[in-house]
Amino acid sequence: MEWETVIGLEIHAQLATKSKIFSSAPTAYGAEPNTQACAVDLGLPGVLPVLNQQVVRMAVKFGMAIDAEIPPYSVFARKNYFYPDLPKGYQISQMDHPIVGFGHIDIDVNGTKKRIGVTRAHLEEDAGKSLHENFHGSTGIDLNRAGTPLLEIVSEPDMRSAQEAVAYMRKIHDLVRYLEICDGNMQEGSFRCDANVSVRPKGQESLGTRAELKNINSFKFVEKAINIEIERQIDLIEGGGTVVQETRLYDADNNETRSMRSKEEANDYRYFPDPDLLPVEISDELREQVKADLPELPDAKKLRFKKQYAQDDEIATTLTSSRQLADFYEAVVEISGCEAKLCANWVCGNFLAALNKAGLNINKTPICQDRLAGLLKRIADQTISGKIAKQVFEELWKGDATADEIIEQQGLKQITDSNAIEAIIDKIIADNPNQVEQYLSGKEKVFGFFVGQTMKASQGKANPNEVNKILHNKLK
Amino acid sequence: MHNKTITELAKDLREGKFSSVELTQSYLDRIKKHSELNCFITVAEDFAIESAKMADIKLANGDASPLTGIPIAQKDIFCTQGTKTSCGSKMLDNFISPYNATVVEKFNHSGAVMLGKLNMDEFAMGSSNETSFYGAVQNPWDTSTVPGGSSGGSASAVAAHLTAAATGTDTGGSIRQPAAFCGITGLKPSYGRVSRYGMIAFASSLDQAGPMTRSAEDAATLLQTMSGFDPKDSTSMNKPVPDYSMGLNNSLEGLKIGLPKEFFSEGLNDSVARVIETAVDEYRKMGAEIKEVSLPHMKLSIPVYYVIAPAECSANLSRFDGVRFGYRCDEPKDLNDLYIRSRGEAFGDEVKRRILMGTYALSAGYYDAYYIKAQKVRRLISEDFKQAFSEVDVLMGPVSPSTAFGLGEKTGDPIEMYLADIYTIAVNLAGLPAISIPAGFVNEKPVGLQIISNYFTEPHLLNVAHKYQQTTNWHQQTPKGFE
């Protein structure tokens, strides 16, 4: 039988605010346990939440970017369950009236475009963390993360393969970083994902029973976890079994999913509107402000790059994959005044390769846009050759000097003076009579030998066009 | 000196008739002498004397506010830094708050002296103060009767002159009913007038703190200090605070008083009814016009309240889980055992009953039938009041169908206890301000007159109460043995 997979994703994006969603405690990652939790985060008796207005703006921004409906008001609700790292015994979230309504995202898989519906996005607070190591059989609680603002983005079950799911997740990942509402750091848990996966016989309209895969924290794992779950479900059904609705945990070490709890064991969360918080009204004024602040979005930027810089899809996709990289590229083009293509080749080539090799993000680049532009200028005006440029690039990476300073200090300026090149060539012809003879007797390949020797003797600085020209003349 | 109102005490302190330290000591002595009333959970003797010394310096320097040096006491529901805050529960018997409630901060700032923390029904759930982990409180008018609840310790302490004034909180009548039972003045302000920050939540959409005093004039002074917008409480109203003392003596000529007929129907004790009618007559003499009005949905206020309040409390009390603070059972076997035994051993029956009711009302499949429906009826109740206030300025009626009942008399029948709150609960559901003032006695037990006014019209409410107290002396009566 042929099977069809149905996937929906729930993405938790941590909003990049300085303070928590309902208190003024800082959100910085990695502090000593319980040093970034105030009375409100600890859920002490008598404390009350006060909404951080920044998160409202960020959520509205996201809603506008996915062309979603943004209702005039939204409501916070209490989601009740007991867990030691949930200080109040309830999580403040949103249920019936989320801040962002229905929207959509377009993905591109192997050149095919597809529109994925976004059911809703709502605001909520994160819980703390239970620490099971180093407590001699007890469990430690770290509440630093408690109250960190999250935007939960829920998709429609519109994806039909793990590949589509990854494409969708990447697209959301790009978008939240473009909007500067989430740092997207998956290792620190700033961007994580649960996947609802089911299978059905191809052609069947009703959905199969789904399993929810929890807590998948990399693109690679999303793809692997979904694929292994699809395989499990198909094997199960074809072997005469049935899929049960349950929550499953992906185990990356063994590449398998394991049952966490079944539907019967699931909590009744008893959602009800939080009486400590007023409904959030989204005024027209706020809408206008956020709209005015909205940056150029990834799809629009890519389209513009293709047109304005005559780029192919691949280059434009790479350059617009992050707002910082796109900005960097455009700055290099502007400062250097060089051809867009030369700039694109360098940014996508040597520059990105060096960043990747060093494991650095664009905002940590050791070569600023001015210094890279300085290098490209010297390539364009033929002060240095492409080969020497790579050498200069490495120097740029290591230090603070400009391309001009490096070229000057290391004497890397290209030799274009034909007399100087002629002198070098004359010496090489004189030193290699055998090769001259070979060439003159018809072995044209030997020409390359003379070019190589000349470049070597000039330490790569001789202008290759000049070298070719003079050699042709001398070896007639 | 303990027989004086705050206005009189403030005058005497300024004139140097006695110091705040002397005044404070005299109250501390009375608290000790009448400890059998069981009004206080914690007496903060050293703290009080220290504060009084500071107040005396302020008084001497002439930079005193109307409350500087005046001894007051806090209901034990308000978090007080460094002093135990128990909320009347075993759960918080070991809890010392690391921060002050906004109300407490405001009193500290005003220079008032805090004598200690007052007894109350556990987590403010009760109408007789009998659910307290620290034992029942006696009513000084008849020590075999209850003082009312949940602010029973506050009412009894003010009536017995163990403090010049006290704070209370009112979720369904918890200020007004004990004020009525103990013959004092108790004001529940409009919802949002006083910050709830640091006041341990029972039912967040209903809870409101207010003053419990010997006169409406004193209530005005305390409310002045307690009121105001608090950025830490999203439900507090960002509205300027008027001068509550300024209009106290305004004429009541032409005042339109509405008597909701539902307040005078079956269930009301005849003698109590007569006291209320006499009080209303007093207003007629002052030039007020009396009119019958109707609050047709008021009879639904008890079932509505007993869905909404327990629903909210079931979530509010989840934080008491034995993990971070408060009571933890000995030797828990595992996490579930920790939860079950910590909560099972530390919560009293009434608290458990309400958590169970609330959890049930919010459960899947019942939520729409209970919680959503209750919210709809709540709106209808508010509409009733809106309609009434389009016809009259204030509403008057009894606070409670009877006077203080005997200790232990109703503990076996929670429903009967709940039903006795019929006249107070609707006011909380609507979020309106209301006051209880002493209006006479039945069998030597005080009867309270309830006056309800429109949203944020506390100055008017206090004016109406104060004028009555200018022509009557019910509020000046002192129980025998506590003169």
| said: Considering all projection directions equally, how large on average is the shadow of the alpha-carbon convex hull of chain A, in square nanometres? | reply: 32.8
| said: Over 26 Å between Cα atoms: which of B:Lys33/B:Lys75; A:Lys20/A:Lys114; B:Lys232/B:Lys352; A:Lys79/B:Lys352; A:Lys113/A:Lys301 fall into that group? | reply: A:Lys20/A:Lys114; B:Lys232/B:Lys352
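Taking the square root of 5 times each eigenvalue of the Cα gyration tensor, what semi-axes in Å does the equivalent ellipsoid of region A:296-409 have, largest first?
On the way: eigenvalues 114, 49, 24 Å².
So the equivalent ellipsoid measures 24, 16, 11 Å along its semi-axes.
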| Cα→Cβ-extended label distance, 7 Å offset, between A:Glu156 and B:Ser144, nm | 7.5
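Loop only by DSSP, 16 or fewer other Cβ within 10 Å of the Cβ. Give me the GluC sites (Glu not before Pro) in region A:179-232 that pass, ordered by residue number.
A:Glu180, A:Glu188, A:Glu205
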| query | What percent does the relative contact order of region A:418-474 come to when contacts are Cα pairs within less than 8 Å and at least six residues apart? | reply | 44
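What is the sum of charges around A:Pro71, taking Lys and Arg as +1, Asp and Glu as -1, for the other residues whose C-beta is under 12 Å from the C-beta of A:Pro71? Present the calculation step by step, with values, prior to reporting the outcome.
Working: positive: A:Arg120, A:Arg287; negative: A:Glu69, A:Asp96, A:Glu281.
In short, -1.
Any of B:Lys285/B:Lys467; A:Lys357/A:Lys377; A:Lys445/A:Lys469 with alpha carbons more than 18 Å apart? Name them for me.
Details: B:Lys285/B:Lys467 12 Å; A:Lys357/A:Lys377 25 Å; A:Lys445/A:Lys469 16 Å.
In this structure, A:Lys357/A:Lys377 exceed 18 Å between Cα atoms.
Nearest-5 percent of antiparallel DSSP beta bridges in chain B? Can you show the working numbers first?
Values: 31 of 44 bridges.
Of all bridge pairs located within chain B, approximately 70 percent are antiparallel.
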| request: Would you mind giving the average projected area, over all directions, of the Cα convex hull of the protein assembly as shown in nm² with one decimal? | output: 54.1
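To the nearest 0.05, what FRET efficiency results for A:Ser262 and A:Leu360 with a Förster distance of 25 Å applied to their C-beta separation? Please report the intermediate quantities before stating the final value.
Numbers: r = 44 Å, r/R0 = 1.78.
According to the calculation, E is roughly 0.05.
Can you tell me the convex hull volume per residue for region B:299-376, based on C-alpha atoms, in Å³ to the nearest whole number?
90
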| task | Report, in degrees rounded to the nearest 10, the 0 to 90 angle that the Cα long axis of helix A:446-457 makes with the longest principal axis of chain A. | result | 80
| Fully extended, how many nm does the chain gain between A:Gln459 and A:Lys427 (0.36 nm per residue separation, minus their Cα-Cα distance)? | 10.0 nm
| Nearest-ten-degree value, helix A:219-238 long axis tilted from longest Cα axis of chain A | 60
| request: Please tell me the relative contact order of chain B in percent, rounded to the nearest whole number, where contacts are Cα pairs under 8 Å and at least six residues apart. | output: 18
| note | Expected sort for A:Val222, A:Val6, B:Val272 with the fewest Cβ neighbours (10 Å cutoff) up front is A:Val6, B:Val272, A:Val222
| request: Please check which bits of region A:49-90 a label hung off A:Asp108 would reach, taking the label as a point 7 Å along Cα-to-C-beta and the cut-off as backbone N under 20 Å. | output: A:65-67
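What share of the DSSP beta bridges in chain A is antiparallel, in percent to the nearest 5? Kindly include the intermediate steps, with their values, before the conclusion.
Details: 54 of 59 bridges.
Counting only bridges with both partners in chain A, antiparallel ones make up about 90 percent.
For region A:160-244, which trypsin sites (Lys or Arg not before Pro) are in a loop by DSSP, counting at most 13 other Cβ atoms within 10 Å? Before the final figure, lay out each step's value.
Details: sites: A:Arg160, A:Arg170, A:Lys171, A:Arg177, A:Arg192, A:Lys202, A:Arg210, A:Lys214, A:Lys220, A:Lys224, A:Arg232; in loops: A:Arg160, A:Lys202, A:Arg210.
When the trypsin sites (Lys or Arg not before Pro) of region A:160-244 are filtered for loop state and at most 13 Cβ neighbours within 10 Å, A:Lys202 remain.
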| said: Using the Cα centre of region A:287-387 as origin and beta-carbon charges of +1 (Lys, Arg) and -1 (Asp, Glu), tell me which of A:Ala353, A:Ala300, A:Cys338 is placed farthest towards the positive end of the dipole. | reply: A:Ala353
| request: Could you compute the FRET efficiency for B:Arg353 and B:Glu253, with r as their C-beta to C-beta distance and R0 at 45 Å, rounded to 0.05? | output: 0.40
| CD proxy at 222 nm, helix term only [per DSSP H run n ≥ 4: -39500 (n - 2.57); per residue of chain B; nearest 500] | -11500 deg cm²/dmol
| query | Which translational diffusion coefficient, to the nearest whole µm²/s, is obtained for region A:352-476 from the Stokes-Einstein equation, given a Kirkwood hydrodynamic radius over C-alpha pairs, 10 °C and 1.306 mPa s? | reply | 97
| message | Looking at region A:164-308 only, what percent of DSSP beta bridges run antiparallel? Nearest 5 please. | response | 70
| query | So which GluC sites (Glu not before Pro) in region B:320-395 are both in a DSSP loop and have at most 15 other Cβ atoms within 10 Å of their Cβ? | reply | B:Glu391
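For B:Arg196, what is the net charge nearby, where nearby means another residue's Cβ is under 11 Å from its Cβ and Lys, Arg count +1, Asp, Glu -1? Provide the component values of the computation, followed by the final result.
On the way: positive: B:Arg193, B:Lys232; negative: A:Asp276, B:Asp207, B:Asp230, B:Asp233.
So the surrounding residues net to -2.
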| request: Over the alpha-carbon set of chain B, work out the extent along each principal axis and list the three values in angstrom, largest first. | output: 63, 53, 44
| request: Taking every pair of alpha-carbon atoms in region A:418-474, give the share separated by more than 15 Å as a whole percent. | output: 40
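For region B:192-318, compute the orientation-averaged projected area of the C-alpha convex hull (one quarter of its surface), in nm². Before the final figure, lay out the partial values.
Values: hull surface 41.9 nm².
That works out to 10.5 nm², a quarter of the Cα hull's surface.
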| remark: One would report the Cα pair-distance distribution of region A:234-276, bin width 5 Å, in %, as 5, 16, 14, 19, 17, 10, 8, 5, 4, 2, 0
| Which angle from 0 to 90°, rounded to the nearest 10, does the C-alpha axis of helix A:418-431 make with the longest principal axis of chain A? | 70
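Could you pull out the pairs from B:Lys17/B:Lys445; A:Lys306/A:Lys413; B:Lys32/B:Lys117; A:Lys364/A:Lys390 whose alpha carbons sit more than 25 Å apart here?
Working: B:Lys17/B:Lys445 34 Å; A:Lys306/A:Lys413 34 Å; B:Lys32/B:Lys117 14 Å; A:Lys364/A:Lys390 21 Å.
Pairs exceeding the cut-off: B:Lys17/B:Lys445; A:Lys306/A:Lys413.
For region B:14-126, what is the per residue volume of the convex hull drawn over the alpha-carbon atoms, in cubic angstrom? Each step should come with its number before you reach the end.
On the way: hull volume 11.7 nm³, N = 113.
Expressed per residue, the convex hull around the Cα atoms of region B:14-126 is 103 Å³.
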| What percent do you get for the relative contact order of chain A when only Cα pairs under 8 Å and 6+ apart count? | 14
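At a Förster distance of 45 Å, what's the computed FRET efficiency of A:Leu294 paired with A:Lys220, Cβ-Cβ distance as r, to 0.05?
On the way: r = 31 Å, r/R0 = 0.69.
With a Förster radius of 45 Å, E is 0.90.
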| request: May I ask for the distance between the Cα centers of region B:383-416 and region B:209-282, given as a whole number of Å? | output: 14
| note | Treating only Lys and Arg (+1) and Asp and Glu (-1) as charged, each at its beta carbon, one finds that region A:418-474 has a dipole about its Cα centre, in Debye to the nearest 20, of 140
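Just so you know, all these numbers are worked out from the coordinates, no wet-lab data involved. Just so we're clear, the structure is a prediction, and the values are computed from it rather than from any experiment. With ideal geometry, Cβ positions are generated from the backbone for all residues, glycine too; neighbour counts draw on all protein chains shown.
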